Amino acid sequence: MKYAILAVLFAALPAQALIKTKLVEYKHGDVVLQGYAAWEDGFKDTRPGVLVVHEWWGQGPYARRRAEQLAKLGYTAFALDMYGKGVYAKDHEEAGKLAGAFFGDRKAMRERALAGLEQLKKLPFVDQGKVAAIGYCFGGTTVLELARAGTDLKGVASFHGNLATPTPTTEKPKASILVLHGADDNFVNPGVPAFIEEMRKSGADWSFVQYGGAVHSFTVPEAGTDTSKGMAYNKEADRRSWETMKSFFEEIFSDKPTK
């Protein structure tokens, strides 16, 4: 009898989703790139797709972990590669040079990100009408540039991304915009007023959320906890920003009309 009861209890537990991942090699011009796809196995319907743009270090464990988290939420995710297959910065100086090349050429930044977006759309079961992008630090800037370019996305979410741009949009972006910002992020704070003005003038559908006590890289455990360095992990800001992103996705991917 005891074992029968246990069998019933285990049968009632929800099955754990099986997450499948794979490396995807692709090209942008002559540059060979390698992205990382993650999705939930075993479903036959289409699902929203989410592009993940890495921090200035490059395509590595952090971006892949975020892609897997998105897959566990039921999305098909693709962590793109902005730098090239196997290119991952060994220190801050190298990361600055790699990211700096794109900060100085926003057209190249947008085009390299669009190459990754095309790969996301090729993945199994992606609903072509329900695609979004998220990015961290350098990646946050990149997804904002996609929005500024009028890319056909449901939404973009920037986590502690740099908000400044040499080419502010003057037209309403197609994508809804969510900015998740550390209130004490002195790397980004100088660009906040101009960004807000840009959003207002363009008529964008935008939200700006600040987390008190959070500095740059607040979602990255590898950043440590010493806020005096200007870059540090903040567990609560990480959790809250992820929950805010989840609500944002529920809204932009909903088939229900907004009031």
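Every read-out reported here was derived from the displayed coordinates using simple, explicitly stated rules and does not represent laboratory data. None of the values given here were measured: they were computed from a predicted structure. Every residue, glycine among them, receives a Cβ derived from its backbone with ideal geometry; neighbour counts consider all protein chains shown.
With both labels modelled 7 Å from their Cα along Cα-to-Cβ, the Lys121 to Glu25 distance reads 2.4 nm. Fully extending the segment from Asp105 to Phe187 would add 27.6 nm, taking 0.36 nm per residue of separation and subtracting the current Cα-Cα distance. A simple spin-label model places the labels of Glu222 and Gln69 1.4 nm from each other, with each point 7 Å out along Cα-to-Cβ. By DSSP, the beta bridges lying fully in region 23-252 are antiparallel in about 25 percent of cases.
Viscosity 1.002 mPa s, temperature 20 °C: give me the Stokes-Einstein translational D for the chain in µm²/s, with Rh taken as the Kirkwood radius over C-alpha pairs.
Calculated translational D: 113 µm²/s.
Ranked by how many other Cβ atoms sit within 10 Å of their own Cβ, fewest first, the residues Tyr62, Tyr75 fall in the order Tyr62, Tyr75. The alpha carbons of region 164-259 stretch over 43, 32, 18 Å along the principal axes, in descending order. The angle between the Cα long axis of helix 92-103 and the longest principal axis of the Cα atoms of the chain comes to about 80 degrees, rounded to the nearest 10.
At most 15 other Cβ atoms within 10 Å and a DSSP loop assignment: could you name the trypsin sites (Lys or Arg not before Pro) in region 40-80 that fit? Here the trypsin sites (Lys or Arg not before Pro) that fit, given the DSSP loop and packing criteria, are Lys44. Angle of helix 235-252 to the longest C-alpha principal axis of the chain, folded into 0 to 90 degrees and rounded to 10: 80°.
Put in line by how crowded their Cβ is, counting other Cβ atoms within 10 Å and starting with the fewest, Trp206, Trp57 read Trp206, Trp57. Would you compute the Debye intensity of region 180-224 from its alpha-carbon atoms alone, equal scatterers and no solvent, and pass along log10 I(q)/I(0) at q = 0.19 Å⁻¹ to two decimals? Results for region 180-224 at q = 0.19 Å⁻¹ read -0.64. Considering only C-alpha atoms, what is the centroid distance from region 72-108 to region 150-191, in Å? Centre-to-centre distance over Cα atoms comes out at 17 Å. Here each label is just a point 7 Å from Cα along the line to Cβ, and for Lys235 and Ser247 those points are 2.2 nm apart. Taking amide H positions as modeled 1.01 Å from N, with prolines and chain starts lacking one, the residues under 5 Å from Gly182 and 5 or more places away or on another chain are His160, Tyr211.
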